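Have a look at the structure below, then the notes.
Read-outs throughout are calculated quantities, based only on the coordinates presented, and are distinct from any laboratory measurement. This is a predicted model, so every value here is computed, not measured. Glycine also receives a Cβ, built like all others from the backbone with ideal geometry; neighbour counts cover every protein chain displayed.
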Protein chains: 2
Amino acid sequence: MAARKATALDVAKLAGVSRSAVSMVLNGNIKGNVSKDAQERIRAAAKELNYLPNPVAVSLRNQRTATLGIITDEIVTSPFAGRLVSGATNAALARGYMILVVDTEHIPGREGPAIEALQHRRVDGLIYATGSLQPYIPSGPFRAQPAALANCFDPEDRLPAVVPDEVTGSRRATELLLELGHRRIALLGGDDDNAALLREQGYRSAMDRAGLTAGDHQVIVTGWDINQGYRAAESVLQEPDRPTAILAANDRVATGILLYAATAGIQVPQQLSVVGYDDQQNVAANLVPALTTVALPHAEIGAIAVKRVLDELEGSERRTERVLVPCPLITRQSTAPAP
Amino acid sequence: MAARKATALDVAKLAGVSRSAVSMVLNGNIKGNVSKDAQERIRAAAKELNYLPNPVAVSLRNQRTATLGIITDEIVTSPFAGRLVSGATNAALARGYMILVVDTEHIPGREGPAIEALQHRRVDGLIYATGSLQPYIPSGPFRAQPAALANCFDPEDRLPAVVPDEVTGSRRATELLLELGHRRIALLGGDDDNAALLREQGYRSAMDRAGLTAGDHQVIVTGWDINQGYRAAESVLQEPDRPTAILAANDRVATGILLYAATAGIQVPQQLSVVGYDDQQNVAANLVPALTTVALPHAEIGAIAVKRVLDELEGSERRTERVLVPCPLITRQSTAPAP
DNA sequence: CTGAAAGCGCTAACAA
DNA sequence: TTGTTAGCGCTTTCAG
């Protein structure tokens with residue numbers, strides 16, 4: 001139960017010095033002005049009184065709030081990317097910052113006011129975070145102060161952007177399947193959005209490198225949901241030359257595939273290997289069979305975005321290159337050697 | 001691009017009055033002191049300069065930050081209850097408050113420092129929110145200032161608590177099944193935690209009221225995950241007198257049941273009705289078949305908790321009764337008349 | 001080496 | 001009716 005009251009003046013009195021001395025010592029601003037003795041008394045007094053500078057007063061004085069604002073389109077609302085906010089919060093906390101989050105829930109016209117609200121609160125920096133990988137055109141405020149993009153990127157690269165390395169992720173996943181001896185590998189990819197395109201690129205690169213012919217490639221534009229995975233599986237798995245392995249757009253699509261395979265009496269992984277994407281919590285590891293998948297490093301993305309903003313805030317030059325965060329491949333029970 | 005600079009002094013100058021007049025007029029504190037004329041000039045000047053009081057200065061002066069703190073054990077990290085934070089944020093925003101969230105991620109020893117950090121930031125009120133329904137013993141800070149509990153409750157009811165009405169929710173779900181003519185209805189319930197117990201209570205109350213005998217009841221302690229639902233279904237559905245309907249602990253358990261049913265060639269809903277719980281986003285509505293389920297009103301819980309805190313903050317008496325938020329039954333394709 | 005003083009932007013009590 | 005003044009708690013310049 002810390003006493004919530006001690007001010008710098010209290011500390012000064014107890015230590016027998018002036019308020020300014022307290023401030024200087026506690027902030028390490030001793031330009032050779034305070035005697036060693038006084039310094040010790042100040043520190044002791046501060047500890048005794050459990051003194052911490054009032055952040056509100058500090059903010060007013062320094063014109064900095066030690067607060068970052070995150071605007072997101074669906075991170076909070078969505079069940080997938082909460083770890084992004086959590087990673088960001090932890091990284092911020094570790095450096096003495098707190099985070100104000102506003103989720104626009106994809107509601108048009110909500111973004112502007114959200115940014116304004118955050119600016120009005122005098123946040124020191126801004127982060128825009130999206131639920132799915134996509135381009136984002138940063139508006140004025142983003143370019144006018146320390147800022148970063150998380151899981152999205154500025155097509156013109158005016159802002160630091162932190163995004164998952166989707167290409168390598170799906171290439172690695174495809175390689176795993178190839179190493180297991182699979183040849184007919186289908187990609188049930190999302191739709192024509194950025195992540196889907198990049199994942200397809202990784203898939204094709206691995207397939208091509210393995211010298212596979214067009215007949216072995218099979219890319220079906222699906223969607224991102226369970227039922228869409230189910231339907232795509234339904235159409236792909238009924239063909240005579242059905243694939244022996246499927247790379248799914250994400251774990252939900254993989255769930256749909258598993259559901260259809262069960263219905264059709266196709267055993268996974270004995271007759272069909274399935275790889276997901278996301279490593280969605282409480283899903284991938286708990287499916288039957290447990291799903292081999294590519295993890296999306298949301299927490300890390302959030303943490304790095306925060307780091308970028310804080311570095312810029314503390315004096316570094318703005319670095320606008322995109323950071324590609326690795327997506328680790330997690331091998332579980334849904335993949336096996338080709339039949 | 002609003003000018004970020006105008007201060008009360010600028011407004012005063014432009015309107016030809018004193019700073020205090022500006023403050024009074026803009027805060028509605030005119031105790032008959034300012035001429036109608038001056039008032040209009042002030043408002044006009046404020047609008048012209050795009051003036052908004054600097055919240056940091058206001059905070060320092062008023063000793064209130066218009067900020068609420070939420071401590072949670074897994075809301076942010078977890079894919080399920082993000083809407084709680086989102087509901088809370090929106091409710092707060094609507095009344096001019098912002099929210100600082102700290103997720104302890106169930107890490108022991110993190111809660112104390114989190115509360116301290118929030119208090120240090122001078123939040124005006126505190127909310128403790130849990131991912132799953134459970135008792136929570138509020139520590140000192142919670143009892144010393146405006147606060148509320150979301151999705152958890154103080155066994156001694158010293159704090160307002162906002163929780164889902166689990167009993168009614170599962171009773172309604174059971175009644176739906178009974179209305180469809182089912183008699184042998186199994187409950188694959190979580191484990192011995194609060195939500196599981198309450199859901200079982202609702203189930204039993206509906207079963208008893210329908211005059212069903214012990215043979216028709218069947219309660220299996222399962223868990224909350226897909227694979228656990230799968231295994232429980234495996235054991236329950238192989239019996240000769242297998243149930244014609246299952247009430248699942250949650251949507252993930254229901255997913256496991258659907259997976260097993262598909263594997264075993266049991267058609268849902270023709271041969272087996274399944275009801276979930278949670279109405280988990282991107283899951284319940286997209287399963288195959290789409291899942292009938294009981295929705296957990298997370299957003300509303302968050303919003304009501306915020307309202308409680310703000311009401312207390314703005315002068316109302318603390319009301320410590322528990323608020324039961326209804327869990328609406330959502331009927332989809334996984335339920336049908338008994339075979 | 002130390003302390004007094006100014007001021008961040010605002011509100012509210014008090015004089016005029 | 002209006003303007004002046006005294007802080008909220010802190011940092012930092014500038015005399016002592």
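Taking amide H as placed 1.01 Å from N in the peptide plane, the amide H of B:Leu187 sits under 5 Å from that of B:Gln218, B:Val219, B:Ile220, B:Leu247, each at least 5 places away or on another chain. Each residue in A:His298, B:His106 was given a count of other beta-carbon atoms within 10 angstrom of its own, and listing them fewest first yields B:His106, A:His298. Normalised by the number of residues in region A:166-296, the mean separation of alpha-carbon contacts (under 8 Å, six or more apart) gives a relative contact order of 24 percent. Count Lys and Arg as plus one, Asp and Glu as minus one, and take only other residues whose Cβ is under 11 Å from that of A:Ala12; the net charge is then +2. Computed over the Cα atoms of region B:166-296, pair by distinct pair, the Kirkwood hydrodynamic radius stands at 14.0 angstrom.
Projecting 7 Å from Cα along the Cα-to-Cβ direction, the label point of A:Gly181 sits 5.0 nm from its equivalents in the other copies, listed shortest first. Taking each DSSP H run with n ≥ 4 as -39500 (n - 2.57) and averaging over every residue of chain A yields -12500 deg cm²/dmol at 222 nm. Between A:Asp278 and A:Val294, A:Ala295, A:Leu296, the built amide H atoms are under 5 Å apart, and every one of these is 5 or more places off in sequence or on another chain.
Applied to region A:275-285, the Karplus parametrisation 6.51 cos²θ - 1.76 cosθ + 1.60 on θ = phi - 60° returns per-residue 3J(HN,Hα) values of 10, x, 8, 2, 6, 4, 4, 6, 10, 3, 6 Hz, with x for Gly and Pro. The distance from the alpha carbon centre of region A:32-63 to that of region A:109-157 is 35 Å, rounded to a whole number. Across chain B, the longest run free of exposed loop sites, meaning GluC sites (Glu not before Pro) lying outside DSSP classes H, G, I, E and B with no more than 10 other Cβ atoms within 10 Å, spans B:157-313. For B:Asp73, what is the net charge nearby, where nearby means another residue's Cβ is under 12 Å from its Cβ and Lys, Arg count +1, Asp, Glu -1? Surrounding charge for B:Asp73 is -3.
For chain B, what class follows from the C-alpha gyration tensor (a ≥ b ≥ c being the square roots of its eigenvalues): rounded when a/c is under 1.5, otherwise prolate if a/b is larger than b/c, else oblate?
In terms of gyration-tensor shape, prolate.
Rounded to the nearest 20, the Cβ-based charge dipole of the protein assembly as shown about its Cα centre (Lys and Arg +1, Asp and Glu -1) stands at 2880 debye. Considering only A:Val309, B:Asn286, B:Pro160, the residue lying farthest towards the positive end of the dipole of the protein assembly as shown is A:Val309, judged by Cα position with unit charges set on Cβ.
Go through A:Lys5/A:Lys47; B:Lys47/B:Lys307; B:Lys13/B:Lys47; A:Lys5/A:Lys36 and tell me which ones have a Cα-Cα distance over 19 Å in this structure. Intermediate results must be reported in sequence, preceding the final value.
Details: A:Lys5/A:Lys47 13 Å; B:Lys47/B:Lys307 30 Å; B:Lys13/B:Lys47 14 Å; A:Lys5/A:Lys36 27 Å.
As for pairs spanning more than 19 Å Cα to Cα, those are B:Lys47/B:Lys307; A:Lys5/A:Lys36.
Using C-alpha pairs below 8 Å separated by at least 6 residues, the relative contact order for chain B is 18 percent. Placing +1 on the Cβ of every Lys and Arg and -1 on the Cβ of every Asp and Glu, with nothing else charged, gives region B:166-296 a dipole about its Cα centre of roughly 300 debye.
According to the calculation over all Cα-Cα pairs in region A:7-46, the P(r) per 5 Å bin from zero is 6, 32, 42, 17, 3 %. Applying the criteria of a DSSP loop state and at most 14 other Cβ atoms within 10 Å to the trypsin sites (Lys or Arg not before Pro) of region B:280-339 yields B:Arg319.
Measuring between their Cα centroids, region A:296-339 and region A:165-183 lie 19 Å from each other. Across the identical copies, the label point of B:Asp208 (7 Å from Cα in the Cβ direction) is separated from its matches by 6.9 nm, in order from shortest. Inter-copy label distances at B:Asn27, shortest first and taken from points set 7 Å along Cα to Cβ: 2.7 nm.
Diffusion coefficient of region A:252-294 by Stokes-Einstein, Kirkwood radius over Cα pairs, 4 °C, 1.567 mPa s: 127 µm²/s.
Would you please classify the overall shape of region B:87-209 from the alpha carbon gyration tensor, given that a ≥ b ≥ c denote the square roots of the eigenvalues, rounded means a/c under 1.5, and beyond that prolate means a/b larger than b/c while oblate covers the rest? Can you show the working numbers first?
On the way: a/c = 2.95, a/b = 2.29, b/c = 1.29.
Note, shape of region B:87-209 comes out prolate.
Across the options B:Val221, B:Ile185, B:Thr174, the greatest Cα extent toward the positive end of the charge dipole of region B:118-225 (unit charges at beta carbon of Lys, Arg, Asp, Glu) belongs to B:Thr174.
Working note: Karplus 6.51/-1.76/1.60 with θ = phi - 60° gives region A:205-218 the couplings 4, 5, 5, 5, 4, 7, x, 7, 7, 4, x, 7, 6, 7 Hz, where Gly and Pro are set to x. Label positions at A:Ser18 and A:Ile220, each projected 7 Å from the Cα along the C-beta direction, are separated by 7.9 nm.
Among B:Thr104, B:Thr7, which comes first, then next, by fewest other beta-carbon atoms within 10 Å? Let's see the in-between values first.
On the way: B:Thr104 20, B:Thr7 15.
Exposure proxy ranking, most exposed first: B:Thr7, B:Thr104.
Here the label points at A:Arg319 and A:Asp193, each 7 Å from Cα along the C-beta direction, are separated by 2.9 nm in the simple model.
What do you get for the angle between helix A:111-120 and the principal long axis of chain A? Use alpha-carbon atoms, 0 to 90 degrees, nearest ten. Approximately 20 degrees, to the nearest 10. Axis of helix A:166-179 versus longest Cα principal axis of chain A: the two differ by about 40°, to the nearest ten degrees. Exposure proxy ranking for A:Tyr128, B:Tyr136, based on other Cβ atoms within 10 angstrom of each Cβ and starting from the fewest, stands as B:Tyr136, A:Tyr128. As a length-normalised measure over Cα pairs under 8 Å and 6 or more apart, the relative contact order of region A:269-339 settles at 50 percent.
Quick check on the protein assembly as shown: take the gyration tensor over C-alpha atoms, sort the square-rooted eigenvalues as a ≥ b ≥ c, and tell me if it's rounded (a/c under 1.5), prolate or oblate. Please report the intermediate quantities before stating the final value.
On the way: a/c = 2.19, a/b = 1.56, b/c = 1.41.
Here the protein assembly as shown falls in the prolate category.
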